[in-house]
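The next block holds one structure in the form of structure tokens; read it before the comments.
The values are calculated or read from the model by the stated rules, or taken from the named source; none is laboratory data. Note that the coordinates shown come from a computational prediction; the quantities given were computed from them, not determined experimentally. Here Cβ is always computed from backbone atoms with ideal geometry, including for glycine, and neighbour counts include all displayed protein chains. These accessible areas exclude ligands, DNA and RNA; they are computed on the full protein's heavy atoms, side chains included. Shrake-Rupley method; radii C 1.70, N 1.55, O 1.52, S 1.80 Å.
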Amino acid sequence: MSTKVIHALYNDDDILMDAVKTTRAAHHHIEEVYTPFPVHGLDKAMGLAPTRLAICSFIYGLCGLSFATYMMNYIMIQDWPQDIGGKPSFSYIQNMPSFVPIMFELTVFFAAHLMVITFFLRSRLWPFKQAENPDVRTTDDHFLMEVALHGSEDDAVEFFKNTGAVEVKVIEKQ
């Protein structure tokens, strides 16, 4: 099933921001905005919900801390207790201060690696994925706003020309 979308191309980020606000005010659905660099405030102007990746990172860090605690308790206290530097090996609590660096490192390790995996899965970026960039000029100096087309093509093209678009095209999207 194919649908029609409008590709409105802009050559300035300030004009793009005004166009996004005007488009949202006119109740058009913005599918995506392609930019050559991050535009501050564009996510809020598009009405995107804030990310929950920080919550995932905290949970992954807790998983790493739990794994480190379990691993050190099992290895150093239960499985193979050793007398290292005169520290007693019969209690995890008495040895915990010497385990803090390991707990910190595994917390960071789990949070960092699982966040990378989560980011790639959430963004649908996997190996050998085809690029989704509809216009190569957006990697250099132009900004493209992709808007779902509902209603008359001519009215929509005129609307986006009035928002400051340099070029407006109607595209069949698969």
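Observations on the structure shown:
- Among the residues of segment 134-158, the one identified as in a helix (DSSP H, G or I) and small (Gly, Ala, Ser) is Ala156.
- Any hit, segment 118-127, residues being of a type in the set (Phe, Trp, Tyr) and over 26 Å from Lys173 (Cα atoms): no
- Filter result for the condition that a residue is open to solvent by 30 Å² or more (accessible area, probe 1.4 Å), among the aliphatic types (A, V, I, L, M), in contact with a helix residue (DSSP H, G or I) (Cβ under 7 Å, 6 or more places away or on another chain) and modelled with pLDDT of 90 or more, over Val147, Val170, Val166, Val157: Val170
- Checking each residue in segment 51-89 for being part of a loop (DSSP other than H, G, I, E, B), open to solvent by less than 80 Å² (accessible area, probe 1.4 Å) and not hydroxyl-bearing (Ser, Thr, Tyr) picks out Pro81, Gly86, Pro88.
- For segment 90-128, taking the residues that are without any contact (Cβ under 8 Å) to a residue 12 or more places away in the chain, outside any helix (DSSP H, G or I) and open to solvent by 70 Å² or more (accessible area, probe 1.4 Å), the one that is farthest from Leu53 (Cα to Cα) is identified as Phe128.
- All positions within segment 80-132 that are over 30 Å from Ile59 (Cα atoms), at pLDDT 80 or above and among the aliphatic types (A, V, I, L, M): Ala131
- Selection count where residues are open to solvent by less than 90 Å² (accessible area, probe 1.4 Å) and among the polar types (S, T, N, Q), scope segment 129-144: 2
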